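Here's the structure, in C-alpha cells; my notes come after.
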Amino acid sequence: MVAGSQGRAEQGADTAGDPYVPTHGNGGYSVESYELDLDYRVSSNRLTGKATITAVATHALSRLSLDLGSLRVSKVAVNGRRAARYAHRSGKLHITPAAVIPDGAEFVVDVQYAGNPAPADSPWGELGWEELTEGVIVASQPSGAATWFPCNDHPGDKAHYRITVTTDSPYHVIANGRLVSRRTKASRTSWVYDMAAPMATYLATIQIGRYDVLELAASPVTQRAALPQTLIKDFRTDFGRQQDMMKLFCALFGPYPFTAYTVVVTDDPLEIPLEAQGISVFGSNHLDGRRGSERLVAHELAHQWFGNSLTPATWQDIWLNEGFACYAEWLWSEESGGLSANQQVSRAYSRLASLDEELVLSDPGPELMFDDRLYKRGAITLHVLRQLLGDTAFFDLLRDWTKTYRHGSVTTEDFIALAAATADDPDAVHQVFADWLYAAELPPLPRSRRRR
C-alpha cells in the first residue's frame, strides 16, 4: 500500500501497484469488512445493491478510490456523511469525503448502486457476474469482483464478508461462508451468509440456480452439494470419492481451513471449474457418471488450502495456487490407485520438454499466469523438493506452511524461506528453487529417489 505521510492529507493512489492487473486495486487504506445487501431479479438481470465497506487509512486521506465496473452509483457516504463529491469513470469510483480521514483511522464507506451486471472482458476471458440459463454464476479470478460490488480489488487485501441476497423464491442462493438466515416473504427469499475468515475479493462469489442441496458429509468437514435434480445420479459417482480426498488432504496439508465445503454444479456447461472461498463450481459437462473429471475435483478442493486460505500477495505468485493444486491431483492419483506421482511427473516433464521455455515460474507475466506449463512445472518443482527432503520432512513442511500462514497473504519468498529453514541442507533447497522457479530453461529431472 501507499507509504504514510508526514501529517499531510494525501489522495489514495488509484492502483495498489500489482503489475499483472494494473487497473485494479487502490492505495491508502486496507479493508476490514464488506457488508453487501443485494436485491436481484433473475428475469431482468437487475441488481440493486448497497455496499458498506469498513477500512483503515494507511495515511491521511483527502480522497480515495474503489474499483467498480459499469453499475450506476446513486449515493456515496463516508462515516455517515454524504461525500463532498464522487466521480465514477473507467472502472474507478473516486470519492472525496466531507472531511479528511486521519492516518490510522477506521472509516466506513456506503455506496448505493444498481444496473444490469455483466462479465468484464479481460486478457483471461470474461470475468465476474454472468447470467446462466437459469440463474447466475460469479467467477472473478483475477479481476472480476468489481462487476458486482465496489471493492479494493487486489489479492493481498483480505477482509471479512457478510453477503445478503434477496431474489425470487424458486432459486437457491449460495455465497461464501455460513448461512446465517433464510427468510421468505411473498415470492422472494433473503439469504444471509457470513464469511468470518479473511477473504480476497476475487474469491467472493454468489451462485444462483434452481438447485437441490445434498448433505454429503459431516466429518471431518461438513460437505454439501447444490445442483439440479437431474444431475444427482451422475454426481454421486463423479464426486463419490471426494470424502476420501478430504481425509487425505487434511492428513497431508493440515486441517481444512474453513467451516464447510460446498460444491455447486450448474445446469450449464463450463469451460473450467472455478474455485471460491469454501466453494467450488463445476459445469454439467464435468459430470459423466464415470469419474472423468475426478482430477479436477481434487484440484478445486486443494485450492481451499492453496489459494483461498493462503492467498498470493500478488498475482506474480500464482504458482503458489496452481502448482500446489496440480500436485494435489497427483497425490490423489497416487493414493487412489492411479498413476504414481513419479509417473505423473515423468509424463508432465516429457510434455514440457517439447514446449517453448519462455515461462519463468516465479514471474510468468500476466499473459502466462494461467498457462498449463505453470501448473505442471509448479507441481514438478514440489515433487523435486519432496525427493530432496523425503516424504516426512516434505509433508511436515506443507503442514507448517498452511499453519504458519493460515488465512494470510503469501509470497514465493515466504515459501522458500520456510523450506530452507526446515531443511538439513538449505543450500540444496535454494538450488532447487533457483533452477525450477527462477530460470526459464527446463532443468534436468533428478533421478527418482524416495527418502522417508
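Annotations for the structure displayed:
- Options 288, 267: the member that is assigned to a loop (DSSP other than H, G, I, E, B) and touching a Pro at 6+ places or on another chain (Cβ under 6 Å): 267
- Unique residue being farther than 24 Å from residue 412 by Cα and either buried (at least 17 other Cβ atoms within 10 Å of the Cβ) or in contact with a strand residue (DSSP E or B) (Cβ under 7 Å, 6 or more places away or on another chain) (or both) when the list is 335, 329, 322: 335
- Unmet criterion (only one of (1) buried (at least 20 other Cβ atoms within 10 Å of the Cβ); (2) closer than 25 Å to residue 410 by Cβ) for residue 172: (2)
- Unmet criterion (only one of (1) in a helix (DSSP H, G or I); (2) more than 18 Å from residue 447 (Cα to Cα)) for residue 347: (2)
- Any hit, the stretch 140-158, residues being touching a residue at least 60 places away in the same chain (Cβ under 8 Å), assigned to a helix (DSSP H, G or I) and of a type in the set (Gly, Ala, Ser): yes
- Among the candidates 262, 237, 230, residue that is in a helix (DSSP H, G or I), touching a Gly at 6+ places or on another chain (Cβ under 7 Å), assigned by TED's automatic domain parsing to the domain that holds residue 282 and not basic (Lys, Arg): 237
- Within the stretch 230-244, residues that are of a type in the set (D, E, K, R) reach partners that are surrounded by 14 or more Cβ atoms within 10 Å (Cβ to Cβ) and at pLDDT 95 or above with beta carbons closer than 6 Å, at six or more positions or on different chains, in the pairs 234/287; 238/287; 238/291.
- In the stretch 358-384, the residues that are at positive phi reach residues that are assigned to a helix (DSSP H, G or I) with C-beta atoms within less than 9 angstrom, at least six apart or across chains, in these pairs: 365/316.
- Test result for residue 376, of a type in the set (D, E, K, R) and under 21 Å from residue 246 (Cα atoms): no
Matching residues to (1) closer than 19 Å to residue 329 by Cβ; (2) in a strand (DSSP E or B); (3) under 26 Å from the mean Cα position of the chain (by Cα):
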site	(1), (2), (3)
356	no, no, no
361	yes, no, yes
387	yes, no, no
414	no, no, yes
420	no, no, no
429	no, no, no
446	no, no, no
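The values are calculated or read from the model by the stated rules, or taken from the named source; none is laboratory data. Not measured: the values here are computed from a predicted model. Ideal geometry is used to build each Cβ from the backbone, glycine not excepted, and the neighbour counts take in all protein chains shown.
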